[in-house]
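Taken together, the values in this text are just the output of simple stated rules run on the coordinates, not laboratory data. Keep in mind it's a predicted model, so treat the numbers as computed, not measured. Methodologically, a virtual Cβ is constructed for each residue, glycine included, from the backbone with ideal geometry; neighbour enumeration extends over all protein chains shown.
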Amino acid sequence: MFNIALMKIILASQSPRRLFLLQAAGFSIDVRPSHIDECPQPGEDVQTMTSRLCLAKAKACLLQDDELQVPVIAADTLVALGDEVLGQPEDIQQAKEMIQKLSGQKHQVHTTVCVRLADDYLLQTVTTEVSFRMISDAEIDVYVRYNEILDKAGAYAIQGGASGFITGIQGSLDNVIGLPVQETIRLLHKIRCEQVASEA
């Protein structure tokens, strides 16, 4: 595995959770959000949608000539309750409705990560199952009043006030926060190795 200490990365996201996770892993981060249309397409399932949006974010990241060998990381996270996709709520009322739907249920958090190096792209989708206890309407009212939820898929952050709702997690905790770090590091290593092999 390559040395990631202070390795420079361009993060095509404005998510403070993804920034924190990558900095904690030892990367030097240049935050450069990509702004794309994130509306779902007809008949699109959640994993197809996260992959499409993630790749679009990576492609939309503009690079200078001297940055072509700097890896770009893009990611997209969505919550799925059965076949229903829960993205970021549009307002407080929709956030309440999302938490009500998740109350007492198991749901899946899907994050697709894309690592771009010049014109090469590698993607991986990671899924974590999260279980919520039953949540009263009064608790939901307090939660949405005191937590920032409008920029979070499913209207909750596992590292915030919603931690008290959770009764079980199967899979990567980092994935629920917003970026599966170990899988991202493996993608970085793989794309570097593939580039070296193609140049040999």
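By per-residue mean of other Cβ atoms within 10 Å, what is the highest-first order of 33-46, 87-100?
87-100, 33-46
Counting DSSP beta bridges with both partners in the chain, what percentage is antiparallel, nearest 5?
Beta bridges within the chain, antiparallel portion: roughly 80 percent.
At 7 Å along the Cα-to-beta-carbon direction for both Asp83 and Thr167, put a label point, then send me their distance in nm to one decimal.
2.6
Please check: in the Gaussian network model of the chain (C-alpha springs, under 10 Å), which one of Ala74, Ala60, Ala155 has the largest mean-square fluctuation.
Evaluated over the chain, the most mobile residue of the options is Ala60.
Using modelled backbone amide H atoms (1.01 Å from N, in-plane), which distant-in-sequence or interchain residues come within less than 5 Å of Ile135's amide H?
Counting only residues 5 or more places away or on other chains, the set is Gly104.
Towards the positive end of the charge dipole of the chain, with charges on Cβ (+1 Lys, Arg; -1 Asp, Glu), say which of Met49, Leu179, Val85 has the farthest Cα.
Leu179
By how many degrees, 0 to 90 and rounded to 10, does the Cα axis of helix 46-60 deviate from the longest principal axis of the chain?
Helix 46-60 sits at roughly 40 degrees to that axis.
Count the net charge of all other residues whose Cβ sits under 13 Å from the Cβ of Gln159, scoring Lys and Arg as +1 and Asp and Glu as -1.
+1
Looking at the square roots a ≥ b ≥ c of the eigenvalues of the Cα gyration tensor of the range 79-159, which shape do they give, rounded for a/c under 1.5, prolate if a/b is larger than b/c, or oblate?
prolate
Could you size up the charge dipole of the chain around its Cα centre, putting +1 on the beta carbon of Lys and Arg and -1 on that of Asp and Glu, and report it in debye to the nearest 20?
The dipole of the chain has a size of about 500 debye.
Between their Cα atoms, which of Lys57/Lys190; Lys59/Lys106; Lys57/Lys106; Lys57/Lys101 are more than 26 Å away from each other?
Result: Lys59/Lys106; Lys57/Lys106; Lys57/Lys101 exceed 26 Å.
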